[in-house]
Amino acid sequence: MPALGVPGWVAVPVAILLLDLAIYLQHRVFHHVPALWRLHRMHHADPELDATTGLRFHPIEILLSLGIKVAIVVALGAPPVAVLAFEVLLNATSLFNHADIRIPPRLDVWLRRLVVTPDMHRTHHSEVRAETDSCFGFCLPWWDHLFGTYRAAPAAGLDGAVIGVPGWRAVREQRLDRLLLHPLAADPPK
């Protein structure tokens, strides 16, 4: 953006939007590339969706994500304030959309036009793979609508959806040592 002479008042919101799009695309890739899914599966294996799920990522996934974001920031020439604002927004919305809270349905319908809500993101954490492979957005829900990955709710309903990854719900599988070994396990344990 600096090479194009983009003024700051344009560069900041454009950089934030493009960084959010990049995270949406990265999230889709992590679901569709088997080796990356095994890293990301640690996040999805949480059988209790709450704000801590928004912090539960494999360390290798965190490093890969950091590298991707740095490359995008450099390629865009994103203003530092945009990078800071995006990171605050990304982390805050990750905690929010994984939170175990219910927003009144009428408000949720309106709110999910602007931000990914907990009920919208609950679909993404369903054990049903077709539902897991939907609603990839963290901050903005627009990318899911634009790219056809939006689902309003799980087929079983918000209260009927089973959260997590089949085979990874046992208390033993939730131990840190087991979670860190997720990338080495091709199939869930029986």
Theoretical ellipticity at 222 nm over the chain - DSSP helices of four or more residues, -39500 (n - 2.57) apiece, nearest 500
-16000 deg cm²/dmol
Could you tell me whether region 78-190 comes out rounded, prolate or oblate from its Cα gyration tensor? Rule is a ≥ b ≥ c as square roots of the eigenvalues, rounded for a/c under 1.5, then prolate if a/b exceeds b/c, otherwise oblate.
oblate
Give the angle, between 0 and 90 degrees and rounded to the nearest 10, that separates the Cα long axis of helix 8-32 from the longest principal axis of the Cα atoms of the chain.
30 degrees
Length gain on complete extension for the stretch Leu55 to Leu4, per 0.36 nm per residue less the alpha carbon to alpha carbon distance?
14.7 nm
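Just by accessible area at a 1.4 angstrom probe, what is the order of Trp168, Trp142, Trp37, Trp9 from largest to smallest?
Most to least solvent-accessible, the answer reads Trp9, Trp142, Trp37, Trp168.
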Contact order normalised by residue count of region 1-109, Cα under 8 Å, 6+ apart, percent
39 percent
Out of Ala78, Ala155, Ala45, any idea which swings most in a Gaussian network model of the chain, alpha carbons joined below 10 Å?
Ala155
Springs between alpha-carbon pairs under 10 angstrom, Gaussian network model over the chain: which of Leu180, Leu107, Leu19 fluctuates most?
Leu107
Among [x] 14; [y] 18; [z] 10, the value of percent of Cα pairs over 31 Å apart computed for this structure carries the label [y]
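For the chain, calculate the relative contact order in percent as a whole number, restricting contacts to Cα pairs under 8 Å that are 6 or more residues apart. Show your work: numbers first, answer last.
On the way: 251 pairs, mean separation 49.8, N = 190.
This gives 26 percent for the chain.
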Relative to the first principal axis of the alpha-carbon coordinates of the chain, what is the inclination of helix 34-44, with its axis defined by its Cα atoms, in degrees from 0 to 90 and to the nearest 10?
80 degrees
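The values are calculated or read from the model by the stated rules, or taken from the named source; none is laboratory data. Nothing here was measured: the structure is a model prediction, and the numbers come from that model. For accessibility, only protein heavy atoms count, side chains too; no ligands or nucleic acids. Shrake-Rupley method; radii C 1.70, N 1.55, O 1.52, S 1.80 Å.
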